[in-house]
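Remarks on the structure that follows.
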Amino acid sequence: MSAEERAAHEAAGESWTVRFAMPLEGETVVPDKLHGDMVFKNSDLDDTVILKTNGLAPYHLAHLVDDHLMGITHVLRGEEWISSAPRHVQIYRALGWETPLYYHVPNVLGKDKKKLSKRRNAPSWSDYKKEGYLPEAVFNFLALLGWAYDDQTELFTKEELIQAFSLEKVGISSGIYDPDKLLWMNGVYIRKLSLQELVERTLPFMERPEAEGGLPDSIQRPLDRDYTTRVLTLEHERLKTLGEASHVVSFFYEKEIDYGLDILIQKKMDAASTHTALVKTRELLNSLETWEHSDLEARLRELVTTLGIKNGQLFGTIRSAVSGRTATPPLFEMMEVLGRDVCMQRIDQAIAKVA
């Protein structure tokens, strides 16, 4: 605007802002440590507002002054700020200040290739924590979103990451947030825990109220630590989050289990043959002097031959009878931990159910 135009606006009492006058000709070069020198034609850039009508400075000026006064040397920000970078470089020059080192890093995208944000599909650490993700696993996973040490190494301790990480290896391609990979990585970290660590870190998830994901409220707290250690020994290799422990081990603690005949009666068997198999199983188990998984396995495999059925048919029936599940830890180790009394009681209940 000309001086006359400005005077006319002021005389009319119109509101105003202060804008930074960008050069009308030439180019602005933004040195970026990831993208290299990025060149912008000044004729394509507008005069950005640096003081709003209410007298406050907007981001374009405020962050720059703030960074300078704090002695910021490296600015890492999302690549969506690249288009604003030439304005910031010009303001630094106008103030006679040294420009910091810029790293315009790639965004994190979801599987749909759209940017994640706090307003759109981005889970928070509190979500992960409630589900039983280990902080060291999440830390490792996040470090690999847009950065890589090489094309093979994925698992790092926190100390190893601190030593290996460098800004020069940050890529310019957007990282993809893959929840399946995070779940896999968390499972790896759980398997690396010692049994004592696993018990210590899983017990709080199991003992929290049922409404918050813990074991059924009917189960008395605190849990027996020795028994829980034996239970978690069987599940150690299968857990992917600490939070899922309550569901997968609940049958070890419940006094009553509920399930349908569809999981009790195995393929190519009927109610009558299932009833016979369970009765013979009860007779055999009643005759055992010890209750160790090796003896249980040996004798029950003999029973399979006697009954003339397949291993999967008998073992599947027993598994469902003592756990109410189709997927469990190894059957015989599971029966040893459950104990003779619980197994016999549940087999009796299964016989009554299928009669």
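Listed values for segment 91-100 are Karplus-derived 3J(HN,Hα) couplings in whole Hz (6.51 cos²θ - 1.76 cosθ + 1.60, θ = phi - 60°), namely 5, 4, 4, 4, 8, x, 9, 6, 6, x, and x replaces Gly and Pro. Rounded to the nearest 10 degrees, the inclination of helix 225-235 to the longest alpha-carbon principal axis of the chain is 80 degrees. Phi angles across segment 185-191 convert, under the Karplus curve 6.51 cos²θ - 1.76 cosθ + 1.60 with θ = phi - 60°, into 3J(HN,Hα) values of 5, 5, x, 4, 5, 5, 5 Hz, Gly and Pro given as x.
What the phi angles of segment 3-12 give under the Karplus curve with 6.51, -1.76 and 1.60, with θ = phi - 60°, is a coupling list of 4, 5, 5, 5, 4, 5, 5, 5, 5, 7 Hz, glycine and proline written as x.
Could you tally the net charge around residue 345, taking each other residue with its Cβ under 15 Å from the Cβ of residue 345, Lys/Arg +1 and Asp/Glu -1?
Values: positive: 255, 282, 340, 346, 353; negative: 254, 256, 258, 341, 348.
Local net charge: 0.
Residues considered: 314, 145, 288. Largest GNM mean-square fluctuation over the chain, using C-alpha springs under 10 Å, is found at 288. For residue 46, project a label point 7 Å along Cα to C-beta. Then give me every residue of segment 81-104 with its amide nitrogen under 19 Å of that point. It comes to 81-91, nothing else.
Taking loop as defined by DSSP and a crowding limit of 11 other beta carbons within 10 Å, which GluC sites (Glu not before Pro) in segment 287-320 fit?
Details: sites: 289, 292, 297, 302; in loops: 289, 292.
For GluC sites (Glu not before Pro) across segment 287-320 that sit outside H, G, I, E and B with at most 11 neighbouring Cβ atoms in 10 Å, the list reads 289.
As an exercise, use a Förster radius of 41 Å and the Cβ-Cβ distance of residue 160 and residue 225 to find the FRET efficiency, rounded to the nearest 0.05. It comes to 0.80. Comparing mean-square fluctuations of 107, 286, 54 from a GNM of the chain with C-alpha springs under 10 Å, the top value falls on 54. Taking label positions 7 Å along the Cα-Cβ direction at both residue 200 and residue 80, the computed distance is 4.2 nm, reported to one decimal.
Which percent, to the nearest 5, of DSSP beta bridges fully inside the chain are antiparallel? Please report the intermediate quantities before stating the final value.
Working: 11 of 20 bridges.
Rounded to the nearest five, the antiparallel share is 55 percent.
Neighbours of residue 150 by Cβ distance under 15 Å: Lys/Arg scored +1, Asp/Glu scored -1, total -3. Spin-label model, residue 69 to residue 14: label points 7 Å out along the Cα-to-beta-carbon direction sit 3.3 nm apart. The mean accessible area for residues of segment 71-201, using a 1.4 Å probe and ignoring ligands and nucleic acids, is 57 Å² per residue. On a 28 Å Cα-Cα criterion, which of the cross-link pairs 33/130; 130/353; 111/267; 33/240; 192/310; 129/181 come out too long? From the list (33/130; 130/353; 111/267; 33/240; 192/310; 129/181), the Cα-Cα distance tops 28 Å for 33/130; 130/353; 111/267; 33/240; 192/310. Taking a sphere under 11 Å around the Cβ of residue 120 and counting the other residues whose Cβ falls inside, with K and R at +1 and D and E at -1, yields a net charge of +3. Measuring between their Cα centroids, segment 282-340 and segment 8-62 lie 77 Å from each other. In a reduced charge model with +1 at each Lys and Arg Cβ and -1 at each Asp and Glu Cβ, the chain shows a dipole moment near 940 debye about its Cα centre.
With a cut-off of 13 Å, note down the residues of segment 29-68 whose backbone N falls inside the zone around a label point 7 Å from the Cα of residue 167 toward its beta carbon. Within reach of a label on residue 167, which here means backbone N under 13 Å from a point 7 Å along Cα→Cβ, segment 29-68 contributes 31-36.
Of the GluC sites (Glu not before Pro) in segment 63-107, which ones lie in a loop per DSSP and count no more than 10 other C-beta atoms within 10 Å? Before the final figure, lay out each step's value.
On the way: sites: 79, 80, 98; in loops: 98.
Filter output for segment 63-107: 98.
Could you give the length gained by full extension between residue 305 and residue 109, i.e. 0.36 nm per residue of separation minus their alpha carbon distance, to one decimal place? Could you put the intermediate results ahead of the total?
Values: separation 196, 0.36 × 196 = 70.56 nm, distance 5.60 nm.
Answer, rounded to one decimal: 65.0 nm.
Amide H contacts for residue 50 (H built 1.01 Å from N in the peptide plane; partners 5 or more residues away or on another chain; cut-off under 5 Å): 18, 19, 20. Place a point 7 Å from the Cα of residue 94 along the Cα-to-Cβ direction; which residues of segment 10-35 have their backbone N under 12 Å from it? Within reach of a label on residue 94: 18-24. Scan segment 229-293 for trypsin sites (Lys or Arg not before Pro) in coil per DSSP, keeping those whose Cβ has at most 10 other Cβ atoms within 10 Å, and list them by number. Of the trypsin sites (Lys or Arg not before Pro), the ones in loops of segment 229-293 whose Cβ has at most 10 other Cβ atoms within 10 Å are 255, 267, 268.
Put a dot 7 Å past the Cα of residue 262, heading toward its Cβ, do the same for residue 208, and the two dots end up 3.1 nm apart.
The values are calculated or read from the model by the stated rules, or taken from the named source; none is laboratory data. Small disclaimer: the values here were computed from a predicted structure and weren't measured. Note: ideal-geometry Cβ built from the backbone for every residue, glycine included; neighbour counts use all protein chains shown. In case anyone asks, the SASA skips ligands and DNA or RNA and just uses the protein heavy atoms, side chains included. Shrake-Rupley method; radii C 1.70, N 1.55, O 1.52, S 1.80 Å.
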